[in-house]
Amino acid sequence: MVRSVIAGIGSYVPTEVVTNDDLSKLMDTSDEWIRSRSGIEERHHAPEGVSCSDLALEASRKALEDAGLSPSDLDFIIFATLSPDQNFPGNGCYLQAELGAGPIGAMDVRTQCSGFLYALTTADAFIRAGIYRNILVVGAELQSSILDFSNRGRNVTVLFGDGAAATVVSASEDADRGILYSELHADGNFASCLQMRVWDISRKPYISRDIFKSGAMWMEMDGPAVFKHAVMSLTEVADNTIKRSGIKAEDIKYVIPHQANQRINLMVAERLGFPPEKFLSNIRKYGNTSAASIPLLLDQTYRSGMLERGDLLLLLGFGSGFTWASTLLRW
Ligand code: COA
């Protein structure tokens with residue numbers, strides 16, 4: 001039986017650190033407000049001239065090195081992002097060229113903060129179907145360019161950061177490791193709760209003249225609605241994953257949840273009856289890096305020596321769409 005294992009992982013964040021105090025010089029906010037509402041203290045922002053695929057390239061090189069593979073060993077690339085370099089072509093194509101991976105297939109996944117888990121599940125399906133053996137699965141975001149740094153955007157801007165992480169997902173005949181179970185969900189009825197309406201293809205031309213004035217070029221969010229649905233959906237998908245996969249909750253070593261808000265994750269842990277220390281977190285230093293957040297946390301957990309071969313991990317994602325997802329894997 002073929003299973004999909006994470007054979008290599010790596011991450012990269014731009015060097016510039018932006019603290020809550022830095023943001024409070026640009027808009028009416030405070031370190032106390034941001035910290036108490038979200039658990040975030042700082043985030044990283046990429047400098048002008050750096051693109052999302054540039055961040056992904058750094059992370060991908062580290063993941064390939066960790067796997068002991070070179071770009072020519074890859075069979076396919078799946079790139080999850082909500083902040084692609086251009087509207088098209090997709091970032092998978094840019095990354096493929098920058099890596100020099102040859103003419104392998106490359107595609108983007110556009111399911112926002114659940115994007116990495118959608119991409120991972122897609123890679124798992126390709127591998128278990130016997131189509132590919134080594135797939136680069138990337139989650140990367142350059143969100144500092146799509147945030148409104150005026151007071152209008154303060155409820156969103158303080159939460160998000162830039163970063164990238166990549167995994168090499170490989171076929172393995174080792175039955176004791178790999179992806180065991182995944183669930184993917186979406187409910188487009190809530191699309192307007194977290195969106196960026198930068199263009200409207202039903203209009204001619206598709207970008208309006210008053211785009212700057214209307215704020216349509218920035219991320220917009222109904223924070224309380226997102227919060228409520230994130231807690232409900234993450235609790236439900238975690239609960240279903242445990243029941244449907246037939247594992248025991250106490251056998252899960254760590255939950256690696258999407259890093260949107262520390263309060264969301266603590267509420268989910270409490271509802272599931274999990275000790276809070278089982279729900280890992282790095283939001284304090286990175287904010288919400290959307291599709292990069294789960295693999296970034298996974299990479300840091302791995303590199304800090306906290307993971308042992310065979311550990312059972314539950315990965316949980318929630319984001320714009322709404323989309324939400326889970327993956328259960330044995331490390
Ligand atoms: N600094 C200071 N005050 C702010 C602020 C900021 N950065 N952003 C909003 N406020 C103000 C609001 O204007 C509002 O003021 P008012 O009461 O005078 O109208 C007040 O704070 C409370 O706003 P509200 O949106 O109700 O706050 P909240 O307690 O719901 O917290 C969030 C706001 C955004 C932190 C919270 O809703 C949240 O985290 N939601 C989920 C976001 C998320 O996870 N998104 C990504 C999903 S992938």
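The values are calculated or read from the model by the stated rules, or taken from the named source; none is laboratory data. Bear in mind the structure is a predicted one, so any value in this text is a computation, not a measurement. Because the Cβ atoms are built from the backbone with ideal geometry, glycine has one as well, and the counts that use them run over all protein chains shown. Side chains included, ligands, DNA and RNA excluded: accessible areas come from the protein's heavy atoms. Shrake-Rupley method; radii C 1.70, N 1.55, O 1.52, S 1.80 Å.
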Exercise. Taking the dipole about the Cα centre of the chain, with the C-beta of Lys and Arg at +1 and of Asp and Glu at -1, give me whichever of 78, 306, 231 is farthest to the positive side.
Key: 231
Practice problem: Among DSSP beta bridges whose residues both lie in the range 178-330, state the antiparallel percentage, nearest 5. | Solution: 75
Practice problem: Along Cα→Cβ, 7 Å out, is where each label goes; now give me the distance between the ones at residue 228 and residue 28 in nm to one decimal. | Solution: 2.5
Quiz prompt | Cβ crowding within 10 Å averaged over residues, with 261-274, 154-167, 55-68 ranked highest first | solution = 154-167, 55-68, 261-274
Self-check item: Solvent-accessible heavy-atom area per residue, rounded to whole Å², over the chain at 1.4 Å
Solution: 43
Self-check item: Length-normalised contact order for the range 1-136 - Cα pairs under 8 Å, 6+ apart - percent
Solution: 27
Quiz item: For the chain, what are the DSSP H helices with axial Cα length of 27 Å or more and mean Kyte-Doolittle hydropathy of at least -0.5?
Solution: 223-245
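Hey, can you rank 142-152, 195-205 by average C-beta count inside 10 Å, highest first?
142-152, 195-205
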Quiz prompt | Distance from the range 37-64 to the range 255-269 (C-alpha centre basis), Å | solution = 21
Quiz item: Which whole-number percent is the relative contact order of the chain (Cα, under 8 Å, 6+ apart)?
Solution: 25
Practice problem: Springs between alpha-carbon atoms under 10 Å, Gaussian network over the chain: tell me which of 293, 30, 214 tops the mean-square fluctuations. | Solution: 214
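Give the relative contact order (percent, whole number) for the range 183-228; include only Cα pairs under 8 Å separated by 6+ residues.
Working: 37 pairs, mean separation 20.8, N = 46.
Relative CO of the range 183-228 lands at 45 percent.
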Quiz item: Where both partners of a DSSP beta bridge lie in the chain, what percent of those bridges are antiparallel, to the nearest 5?
Solution: 70
Exercise. Only bridges with both residues in the range 3-172 count here: give the DSSP antiparallel percent, nearest 5.
Key: 65
Quiz item: Residue separation times 0.36 nm, minus the C-alpha to C-alpha distance between residue 2 and residue 189: what's the value?
Solution: 63.6 nm
Self-check item: Accessible area of the range 3-172 belonging to carbon and sulfur atoms, whole % at 1.4 Å probe
Solution: 49
Quiz prompt | Most to least packed among 301-308, 126-133, 95-102 [average Cβ atoms within 10 Å] | solution = 95-102, 126-133, 301-308
Practice problem: Work out how much length residue 88 to residue 209 would gain on full extension: take 0.36 nm times their residue separation and subtract the Cα-Cα distance, in nm to one decimal. | Solution: 41.4 nm
Quiz item: Taking N as the number of residues in the chain, what is its alpha-carbon radius of gyration divided by 2.2 N^0.38 Å?
Solution: 0.95
